[in-house]
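Peer 1: Here it is: the structure, laid out below.
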Amino acid sequence: MPKFKKIKLGVRSKILAASFVIVMMLMLSGIMAFFEFGRMSRYISTLISNSIQSVDLSRNLLNTCDRYHSELFRQIGEDGLLAQPETIPTEEFEASIAKLYTVLSSKEESAMADSVRYAYSAYMQVSNEVEYMWLAPQEDRMNWYFNRLQAVYEKFRSYLQRLSDSSQTILTDNYNSLQDSYYRSIMPGVVANAASIVLIVLFNYFLILYVIRPIVRMAKGIREYRQYGKRYDVTFDYGGDQIQAMNEEIKEIIDENKSTKSRQV
């Protein structure tokens with residue numbers, strides 16, 4: 001405490017110090033909010049972008065597989081075709097799956113993509129039988145299609161659908177996370193601004209206490225001395241600032257004035 005008593009700040013220094021603290025609080029809150037929002041925005045934007053690509057890729061895979069499987073059903077039920085029915089292109093499917101792995105954002109999606117790949121392998125293993133089933137009678141081809149191929153395809157398609165649904169759910173969650181991150185990023189600014197408001201209130205309180213009120217008391221003391229001849233007895237101890245020094249000067253001037261008047265009498 002003795003060290004603090006030796007520190008004497010003037011009125012100007014007190015006002016400047018209080019203003020500096022408020023400005024620094026506002027600047028700090030703005031910088032924190034800016035960087036936090038930028039960081040969260042970049043992170044969530046990447047997740048949302050990956051989720052959108054994941055949804056598009058999984059839906060494209062689903063549509064492609066449905067198209068080829070339906071076309072296979074159409075062709076395998078016909079007679080007299082010279083060409084062999086087309087199956088899902090392995091290279092196209094593997095390329096899409098490989099790209100899908102680069103944009104998956106959760107372990108759940110990765111596990112589902114693994115299941116899709118395994119189910120696809122089982123489907124292709126059965127669909128490769130079309131090479132000799134194509135030469136079989138139509139009834140045999142239809143039995144093969146419904147009793148063997150359709151079962152593995154339904155399992156394969158269910159995994160694709162679940163992957164698409166999972167990607168859609170992740171996209172929705174990431175969108176909600178973006179909204180939550182916005183509120184989290186502005187919280188430092190809100191807290192700092194609230195603290196700044198408190199500081200402004202305290203600043204005005206101490207300004208009134210240490211500056212305005214002493215001046216009002218001194219003005220009242222001078223007025224009562226001039227009008228009623230009352231003794232000037234305004235005293236306060238604010239650490240030796242300019243207002244206290246001015247009060248001492250006023251007191252000395254009034255005392256000198258009293259002495260002069262008494263000598264004249």
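Condition check ((1) part of a helix (DSSP H, G or I); (2) under 30 Å from MET27 (Cβ atoms); (3) among the aromatic types (Phe, Trp, Tyr)) across all residues:
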position: PHE206; (1), (2), (3): yes, yes, yes
position: ILE212; (1), (2), (3): yes, yes, no
position: ILE250; (1), (2), (3): yes, no, no
position: ILE253; (1), (2), (3): yes, no, no
position: THR260; (1), (2), (3): yes, no, no
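Peer 1: Which condition number in (1) part of a helix (DSSP H, G or I); (2) surrounded by 19 or more Cβ atoms within 10 Å (Cβ to Cβ); (3) without any contact (Cβ under 8 Å) to a residue 60 or more places away in the chain is the one that GLU94 fails?
Peer 2: (2)
Peer 1: What number of residues within the range 26-52 satisfy the criterion of being modelled with pLDDT under 70 and buried (at least 17 other Cβ atoms within 10 Å of the Cβ)?
Peer 2: Adding up the residues that qualify gives 6.
A quick yes/no check of all residues on (1) assigned by TED's automatic domain parsing to the domain that holds ALA17; (2) closer than 30 Å to VAL21 by Cα; (3) surrounded by 12 or more Cβ atoms within 10 Å (Cβ to Cβ):
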site	(1), (2), (3)
VAL211	no, yes, yes
ARG217	no, yes, yes
ARG223	no, no, no
TYR232	no, no, yes
PHE236	no, yes, yes
ILE243	no, yes, yes
ILE250	no, no, yes
SER259	no, no, no
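Peer 1: Let me ask you something else. Going through the range 117-152 one residue at a time, which ones are part of a loop (DSSP other than H, G, I, E, B) and either surrounded by 15 or more Cβ atoms within 10 Å (Cβ to Cβ) or not acidic (Asp, Glu) (or both)?
Peer 2: Hits for the range 117-152 are ASN128, TRP134, LEU135, ALA136, PRO137.
Peer 1: Let me ask something additional. Please go through (1) modelled with pLDDT of 80 or more; (2) surrounded by 14 or more Cβ atoms within 10 Å (Cβ to Cβ) for ARG67 and return the number of the only condition it doesn't satisfy.
Peer 2: (2)
The values are calculated or read from the model by the stated rules, or taken from the named source; none is laboratory data. This structure is a prediction, so every number in the text was calculated from the model and none was measured. Using ideal geometry, Cβ is built from the backbone for each residue, glycine included, and neighbour counts are taken over all protein chains shown.
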